[in-house]
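These notes are about the structure you will find just below.
The values are calculated or read from the model by the stated rules, or taken from the named source; none is laboratory data. All values derive from a computational prediction rather than experimental measurement. Note that we place each Cβ from the backbone using ideal geometry, even for glycine, and neighbour counts take in every protein chain shown. Each accessible area value is taken on the protein alone, full model and side chains, heavy atoms only, with ligands, DNA and RNA left out. Shrake-Rupley method; radii C 1.70, N 1.55, O 1.52, S 1.80 Å.
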Amino acid sequence: MMFKHNFKKVLSATAFAVALVVAPAANVSAATNDASSTQQSATATSQDQQASQDQAASQSSAANQSSATAASASSSTSTSSATSTSMVKKTTKKAKKTTKKSKKKTSKKKAVKKVAKKTTKKRATKKAAEAAAKKAAAVKKAAAKKAAAAKKAAAKKAAAKKKAAAKKKAAAKKKAAKKSAEKAAKYWIAMRESSGYYTARNGSCYGRYQLLISYLGGDLSKKNQERTADRYVYGRYGSWVNAKRFWLAHNWY
């Protein structure tokens, strides 16, 4: 910038000298004035150029300062970016750690849930097995009770049957004994009345049991004598045993 300014000064001086040589004397003053004016203009121009230089220097300084500021800002930005990256990395690491921890916690929770589910299932299975065993025991008990009741009923029925049979047997035995006693008493009376002859006769009495002839109704057969004798004794005494008892007391019946 200074070189250009000096060059302009030299050019102005040269132009002024040439004007002095070429121009007429009358114009020397005007040329001098013009030169002076030109010099003043050059000076003004030089001043303007100096101001421009100062301004440019100032702007350059400002630009340098701005560049330094920008560099500083860039450095700060870089530092901030580095810090931000570090923070992002830390945050990411922390997030990963948290995620890992969360996954671990979730995995642990799932494991606990799985164990709980398994335990619940085991308990349910155990409970079902206990219920089944209880039901089986109840069924077995009911079956045993039913079998015992059936056995008792069968025993009772058998006992009743046995008792009935015994009673029947006793009754039959008693009946047989009674029949035998009746037969013996009848035979005893026949022996006392006619010595057992169906044709024996004593006055108005006839036959084995010495019944009144009118009782026989004209039928002197053995069958009729037996039938009529039984009808007479059972009608009068109730049995041959009672008739014998009466005979023993009165010598007749």
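What the table shows:
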{"item": "Residue match in the stretch 184-196 (condition: of a type in the set (A, V, I, L, M), part of a helix (DSSP H, G or I) and over 17 Å from Lys222 (Cα atoms))", "result": "yes"}
{"item": "Condition check for Lys183: modelled with pLDDT of 95 or more and open to solvent by 60 Å² or more (accessible area, probe 1.4 Å)", "result": "yes"}
{"item": "Cβ-Cβ under 7 Å pairs, at least 6 apart or on other chains, the stretch 221-250 side over 13 Å from Ile189 (Cα atoms) and part of a helix (DSSP H, G or I), far side hydroxyl-bearing (Ser, Thr, Tyr) and open to solvent by less than 60 Å² (accessible area, probe 1.4 Å)", "result": "Lys222/Tyr198; Gln225/Tyr198; Gln225/Tyr209"}
{"item": "Any chance Ala172 is more than 30 Å from Ala229 (Cβ to Cβ) and of a type outside the set (D, E, K, R)", "result": "no"}
{"item": "Unique residue being exposed (fewer than 11 other Cβ atoms within 10 Å of the Cβ), out of contact with any Gly (no Cβ under 8 Å at 6 or more places or on another chain) and at pLDDT 95 or above when the list is Ser221, Ser195", "result": "Ser195"}
{"item": "Yes/no for Arg201 being within 30 Å of Lys244 (Cβ to Cβ), modelled with pLDDT of 95 or more and open to solvent by 60 Å² or more (accessible area, probe 1.4 Å)", "result": "yes"}
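Table: residues versus (1) free of Cβ contacts under 8 Å to residues at least 60 places away in the same chain; (2) of a type in the set (A, V, I, L, M, F, W, C); (3) in contact with a helix residue (DSSP H, G or I) (Cβ under 9 Å, 6 or more places away or on another chain).
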| position | (1), (2), (3) |
| --- | --- |
| Lys151 | yes, no, no |
| Ala160 | yes, yes, no |
| Ala172 | yes, yes, no |
| Lys179 | yes, no, no |
| Glu182 | yes, no, yes |
| Ile189 | no, yes, yes |
